[in-house]
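Working notes for the structure below.
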Amino acid sequence: MSLLKSWTGGAAILLALAGGLRAEVTVSQSNDPTEVAEQGLMSVLWTERSAMSAIDKRRVTALTMAPERSKKHATLPEVLSAKWLSAQPAAKGGEQFQCLSQALYFEARGEGVKGQQAVAEVILNRVDDPRFPGSICGVVHQGNSRACQFSWYCDGRSDTVRNKGAYAEVAKVARAMIDGAPRSLTDGATYFHTLAVRPSWSRRFAKTASIGHHIFYANPVRTASN
């Protein structure tokens with residue numbers, strides 16, 4: 001094999017590894033076994049790249065990025081408490097923070113801090129799950145022609161916050177959870193309901209926790225046998 005030919009084959013492989021090779025680029029075929037080997041490698045690389053592109057980008061990011069814990073995050077407790085919240089400054093933030101604060105206010109302001117943290121976990125777990133919208137506001141406002149995922153958002157009642165004190169408290173919970181407080185209570189739950197009801201869908205999911213007036217569920221882990 002000539003030096004030029006060897007360089008050309010190596011350059012093509014480097015382009016494939018860098019993601020620069022397009023689908024319409026082909027490798028010439030011949031009886032040269034080295035060229036057949038190169039073509040096979042190119043095919044494997046292209047197949048691998050296609051498979052990776054089919055994976056949800058959020059999932060790829062979660063798998064490939066090392067977790068980061070800033071000094072601020074390191075001071076957040078495993079389980080939030082009323083005592084810890086009372087020592088925190090008034091919470092504030094942008095649109096996503098406001099959506100989570102509203103959801104906690106209307107869904108869980110009557111719960112203790114632990115129950116509010118658990119509801120926040122469900123919302124954030126949904127954000128990380130590719131089956132749900134990829135933002136807090138998207139999750140909180142999700143619905144269809146029949147109903148909303150969170151009933152308060154489309155129950156026809158006013159969404160005005162009347163209890164400013166309660167809102168200030170749940171806002172601190174929202175801030176802590178967005179800032180990286182551990183999701184340590186519900187074992188990955190993405191659903192919940194109150195103790196007053198038992199919806200039919202609950203039988204299809206795995207119960208993970210019962211906290212305050214809510215029961216929490218996660219999708220059961222599927223294996224090759226089921």
Say each of residue 151 and residue 164 gets a label point 7 Å from the Cα, pointing the same way as Cα to Cβ; how far apart are those two points in nm? 3.0
Using a 10 Å cut-off on Cβ atoms, rank the peptides 109-121, 83-95, 163-175 from the highest mean neighbour count down. 109-121, 163-175, 83-95
Subtracting the Cα-Cα distance of residue 202 and residue 187 from 0.36 nm times their residue separation yields 3.8 nm
Cut-off under 5 Å, modelled amide H: who pairs with residue 211 long-range: 216
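Bear in mind that the values in this text are calculations on the coordinates, not laboratory data. The structure presented is a predicted model; accordingly, all values stated were derived computationally and were not measured. Positions of Cβ are generated from backbone atoms using ideal geometry, with glycine treated the same way; all protein chains shown enter the neighbour counts.
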